[in-house]
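Peer 1: Quick one: the structure is below, and I'll ask about it shortly.
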Amino acid sequence: MKTDSAVVKDAVTSKKVAPDKLLLKVEDVSMRFGVLAVLKRVSFSVPKGNILVIIGPNGAGKSTLLKLISGLLSLQEGEIWFKQHRLSKIPPHRISSLGITQLLQDVQLFSSMSVIENIMVGCHLRTRAGFLSAGLKLPQAQADEQRILKRAMSKLSLVGLEQKAWGNPVGLSWGQQKLVGLARALATGSDLLLLDEPYSGLLADEIDKLNQLILQLQRQGMTILIVEHLTDVLMGIGNQVIVLDYGEKIAEGTPDEIQRNKRVIDAYLGSG
Amino acid sequence: MNAFREISSKISAVKLQNRVIALFALVMMTIPLGIGPYPISAMVDVGLYSIVTIGIILLMGFAGQISIGHAAFFGIGAYTSAILTTHYQFSPWLALFLGAALSGGIAAAIGRAMFRLHGLMLAGITLALNLVFYHLVCSMIGLTGGAMGLINIPPLILGGLNFSRSFLTYYMVWIIAIVILGFSLNLANSQVGRTLRSMNTHAGGSEDAAQVLGINVNSYKVQILVLSAVYASIAGSIYAHHARVVEPGTFFIPFSVMVVIMAVLGGLRSPWGAFLGAGLMIGVREFLWEVMPVFVTGVTGAYELIAYGVILILALLFLPRGLISLFGRAFTKRRATV
C-alpha cells in the first residue's frame with residue numbers, strides 16, 4: 001500500500017501496523033452534497049482480519065462513507081486505498097472484483113428470483129461463461145452453473161437458511177432477508193465486507209445469530225467494516241470503533257476507550 | 001433430502017423445457033402441410049416478428065431497457081442485404097451476416113455512448129435512431145432507392161433450395177426462430193439471465209446491489225442491446241430476401257411500437273411470449289384486413305393500429321404479465337439449471 005504506514009497504528013494494541021497487514025486506508029475523505037458537508041476529512045485504516053465498527057447518529061455520514069469505499073459514490077476529496085489499489089475513479093464492479101463487497105442498508109434482494117438464485121448472482125465474479133457459451137450451453141457454462149449452485153448452497157447453509165433456497169425472498173422475514181443478503185455478499189469471496197446497519201429491524205435472537213456469524217467470518221480471516229447506530233450491540237463485537245458526528249471523526253479506539261471518551265458521551269452515547 | 005428433491009425437480013424442469021421446444025418445433029413444422037399459401041405467408045410474418053420480439057423481451061423484460069427503435073435494426077439488416085445483393089452482387093447469406101454485424105456494431109456504439117446516462121435514455125435514443133435511419137434511407141436515393149425503395153432483391157438459396165417460395169421460407173424462418181428461441185431460453189436460464197434480471201430496476205432488480213456483487217451493469221446493457229439488434233437484423237435480412245423488395249415505410253416507428261406491444265402482450269418474463277404476442281397481433285391484423293372491407297366500404301389506412309392500441313390497454317389491465325402467464329411453469333419458471 002502506497003501510503004504513509006508510519007502513522008498507522010492498531011487501535012487495539014497501539015502498535016504500528018506493517019503495510020502488508022493493512023487492508024484498507026481512508027485518507028482525508030470529504031464529501032459534499034450541494035452545500036451540505038456530509039464527511040469532513042475523515043481518516044482511518046483497517047488491518048486485515050479486524051472488525052471495524054463505525055457508529056454515529058443518523059446523518060453522521062456513515063452510509064456515505066461505505067458507499068465511497070464500495071464505489072457507489074464517487075470520491076470528491078481524499079484517497080481510499082485497498083491493498084495496493086487506489087480506489088478513486090474505479091467503478092463499483094471493479095472495486096468488487098478487487099475484494100470489497102457491501103450488504104446494503106435495505107439489502108435489495110432481487111425479488112424476481114429465488115433465494116438461491118440471488119446468491120448465485122453473488123457468484124458472478126466466479127463465472128467465466130459469456131453470452132455465447134451460455135446461449136449455446138457449452139460445457140464451460142454448464143460447469144459454471146454446477147459450481148456456483150454448489151457454492152451458493154454452501155453460503156446459504158452458512159447462514160442457516162438452506163430450507164428457504166427455492167422460495168422467493170419476498171416471503172422471508174426481514175431478519176432472514178438480511179441473512180440472505182449476507183450470504184449473497186459472501187458468495188463474492190471478498191476480503192472486505194461492508195455492512196450498512198445490518199442490525200436495524202432485527203429481533204434479539206436474530207442479532208445474536210448475526211453476531212455469531214460475524215465473529216465466525218472474522219475467525220476465517222475476513223475483514224469487516226460495520227456501520228451502525230445501535231451501539232450496545234456493537235461494543236462487544238468490534239476490535240476497533242470509530243465515532244462520526246456531523247461528518248467528522250470525533251473518536252477512534254477500542255470499544256472500552258470509546259465508552260469512556262467524554263466527547264463521544266457528550267455527542268452521542270449520553271451520560272445514561 | 002430437500003435439496004436433492006429440488007435439484008431433481010430442476011432437472012425435470014430443464015427436460016420439460018426441451019420437450020416443449022421439441023413439441024413446438026414439431027407442430028410448427030407440420031402446420032404448412034395443412035394450410036394454403038396465404039396463411040403460410042402470414043405465418044412467415046409471425047416467425048419474423050417473433051425473432052425481433054424475442055430480442056425485445058430479453059432487452060426489456062430481462063435487462064429492463066426500453067427500445068422504441070428496433071425497426072432501425074430490422075431495417076439495417078434489410079437494407080444491408082438489399083444494397084449488397086442488388087448493387088454489389090454479394091451472396092445473400094454473406095449480406096445477412098454483414099447486416100447483422102453492422103447492426104450489432106451500431107448497437108454497441110450507441111449503447112456504449114449512452115448507458116452512462118440513466119433512466120429512459122435508451123427509449124429516447126432508439127426512437128431518435130429510428131427517425132435518423134428512416135430519413136437517411138429516404139434521402140440516400142442512389143443507394144437505397146429513396147421513398148421508392150429497392151426491388152429485385154435476390155432470394156436466399158441454400159443447396160438448390162430457392163427461398164423465394166413462401167412454403168420454403170416458412171421452414172427457414174421457423175427453424176431460425178426456434179434456434180433463436182432455444183439460444184434465448186438457455187441464456188435466460190443461465191447466470192447471464194440472472195445477471196440481466198439482477199439489474200432490471202423495473203422488475204425487482206437493483207443496479208447498486210448488482211454492482212457491489214461485481215457486475216458490470218453497463219457492459220451487460222450493451223451486450224443485450226447488441227444481441228437484440230442482431231436478432232432484428234437477421235429477421236430484416238430474411239424479410240428483404242423473402243419480399244424481394246424494401247421500402248422505408250416498413251422500417252418506421254409503427255414497426256418499433258408493434259414489436260414492443262407484441263412483447264408486452266406475449267409476456268416479458270419469457271422468450272416464449274414473443275410467439276404468443278406476434279401470433280395474436282398478426283392474427284388480428286389478418287382478420288381485420290379480411291373483415292373490415294366487408295363492413296366498411298372503401299376503408300383504407302393502417303386501421304389495425306386502433307385495434308393494437310385497444311389490445312395493449314386490455315392486456316395491461318387484465319394480463320399485466322402477458323399471455324404467457326396463462327401457461328404453466330414449462331414456459332415461465334426460471335430456475336438454476338444443472
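Peer 1: Among the numbered criteria (1) touching a residue at least 40 places away in the same chain (Cβ under 8 Å); (2) surrounded by fewer than 20 Cβ atoms within 10 Å (Cβ to Cβ); (3) outside any helix (DSSP H, G or I); (4) within 9 Å of chain A (Cβ to nearest Cβ), which one does residue B:218 miss?
Peer 2: (3)
Peer 1: Would you confirm, using the coordinates I've provided, whether residue A:116 is closer than 27 Å to residue A:178 by Cβ, within 20 Å of the chain's Cα centre (by Cα) and at pLDDT 95 or above?
Peer 2: Criteria not met by residue A:116.
Peer 1: List the helices (runs of 4 or more DSSP H) inside segment A:111-208, counting only whole elements, that have at least 2 residues being within 7 Å of another protein chain (Cβ to nearest Cβ), in contact with a Ser or Thr (Cβ under 9 Å, 6 or more places away or on another chain) and touching a residue at least 12 places away in the same chain (Cβ under 8 Å).
Peer 2: Of the helices (runs of 4 or more DSSP H) lying wholly inside segment A:111-208, those with at least 2 residues that are within 7 Å of another protein chain (Cβ to nearest Cβ), in contact with a Ser or Thr (Cβ under 9 Å, 6 or more places away or on another chain) and touching a residue at least 12 places away in the same chain (Cβ under 8 Å) span A:115-122, A:139-158.
Peer 1: Do you know which residues across segment B:168-190 are among the polar types (S, T, N, Q) and facing chain A (nearest Cβ under 8 Å)?
Peer 2: B:184, B:186, B:190
Peer 1: Are any residues in segment A:114-140 touching a Leu at 6+ places or on another chain (Cβ under 7 Å) and under 11 Å from residue A:187 (Cβ atoms), and if so, which ones?
Peer 2: Once the filter is applied, which keeps residues that are touching a Leu at 6+ places or on another chain (Cβ under 7 Å) and under 11 Å from residue A:187 (Cβ atoms), segment A:114-140 yields A:116, A:118, A:119, A:120, A:121, A:122, A:124.
Peer 1: When residue B:40 is evaluated against the numbered criteria (1) assigned to a helix (DSSP H, G or I); (2) within 30 Å of residue B:142 (Cα to Cα); (3) touching a Ser or Thr at 6+ places or on another chain (Cβ under 8 Å), which criterion, by number, is the only one it fails?
Peer 2: Result: residue B:40 passes all but (2).
Peer 1: Assuming residue B:193 fulfils every condition listed in (1) within 7 Å of chain A (Cβ to nearest Cβ); (2) assigned to a helix (DSSP H, G or I) apart from one, which condition is it?
Peer 2: (1)
Peer 1: Here's a follow-up. Evaluate segment B:294-306: report whether one residue or more is assigned to a loop (DSSP other than H, G, I, E, B) and in contact (Cβ under 8 Å) with a residue 24 or more places away in the chain.
Peer 2: Looking for residues that are assigned to a loop (DSSP other than H, G, I, E, B) and in contact (Cβ under 8 Å) with a residue 24 or more places away in the chain, one finds at least one in segment B:294-306, hence yes.
Peer 1: Something else: Checking residue B:202 against (1) crowded, with 19+ Cβ neighbours inside 10 Å; (2) within 14 Å of chain A (Cβ to nearest Cβ); (3) of a type outside the set (Ser, Thr, Tyr), which test does it fail?
Peer 2: All conditions are met except number (1).
Peer 1: Further, regarding this structure: Is it true that some residue in segment A:60-69 is over 27 Å from residue B:194 (Cα atoms), under 13 Å from the mean Cα position of the chain (by Cα) and of a type outside the set (Ser, Thr, Tyr)?
Peer 2: Yes, segment A:60-69 has at least one match.
Peer 1: Considering only residues that are modelled with pLDDT of 95 or more and small (Gly, Ala, Ser), look in segment A:77-111 and name the one that is farthest from the chain's Cα centre (by Cα).
Peer 2: Checking each candidate, the answer is A:111.
Peer 1: Then there's this: Looking only at segment A:201-222, filter to residues that are exposed (fewer than 14 other Cβ atoms within 10 Å of the Cβ) and polar (S, T, N, Q); which one of those is farthest from residue A:100 (Cα to Cα)?
Peer 2: Ranking the candidates gives A:212 first.
Peer 1: I've got another one for you. With the structure loaded, tell me whether residue A:258 is assigned to a strand (DSSP E or B), more than 17 Å from the chain's Cα centre (by Cα) and at pLDDT below 95 or whether it fails that test.
Peer 2: no
Peer 1: So which residues in segment A:224-246 are assigned to a strand (DSSP E or B) and surrounded by 24 or more Cβ atoms within 10 Å (Cβ to Cβ), if there are any at all?
Peer 2: A:225, A:226, A:227, A:241, A:242, A:243, A:244 - these are the residues of segment A:224-246 that are assigned to a strand (DSSP E or B) and surrounded by 24 or more Cβ atoms within 10 Å (Cβ to Cβ).
Peer 1: Can you pull out the residues in segment B:145-186 that are more than 30 Å from residue B:224 (Cα to Cα) and in a helix (DSSP H, G or I)?
Peer 2: Hits for segment B:145-186 are B:146, B:147, B:148, B:166, B:167, B:168.
Peer 1: How about segment A:27-75: which of its residues are under 22 Å from residue A:90 (Cα atoms) and assigned to a loop (DSSP other than H, G, I, E, B)?
Peer 2: A:48, A:61, A:71, A:72, A:73, A:74, A:75
Peer 1: Got at least one residue in segment A:250-269 being surrounded by 17 or more Cβ atoms within 10 Å (Cβ to Cβ), under 24 Å from residue A:96 (Cβ atoms) and of a type in the set (Phe, Trp, Tyr)?
Peer 2: no
Peer 1: Being at pLDDT 90 or above, assigned to a helix (DSSP H, G or I), out of contact with any Lys or Arg (no Cβ under 6 Å at 6 or more places or on another chain) and of a type in the set (Gly, Ala, Ser): is that true of residue B:277 here?
Peer 2: Yes; evaluated as a whole, the condition is true for this residue.
Peer 1: Let me ask something else about it. Any chance segment B:191-198 includes a residue that's closer than 23 Å to residue B:56 by Cβ, among the β-branched types (Val, Ile, Thr) and either surrounded by 20 or more Cβ atoms within 10 Å (Cβ to Cβ) or modelled with pLDDT under 95 (or both)?
Peer 2: yes
The values are calculated or read from the model by the stated rules, or taken from the named source; none is laboratory data. Model, not experiment: these values are computed from the prediction. Virtual Cβ from ideal backbone geometry, glycine too; neighbours counted across all protein chains shown.
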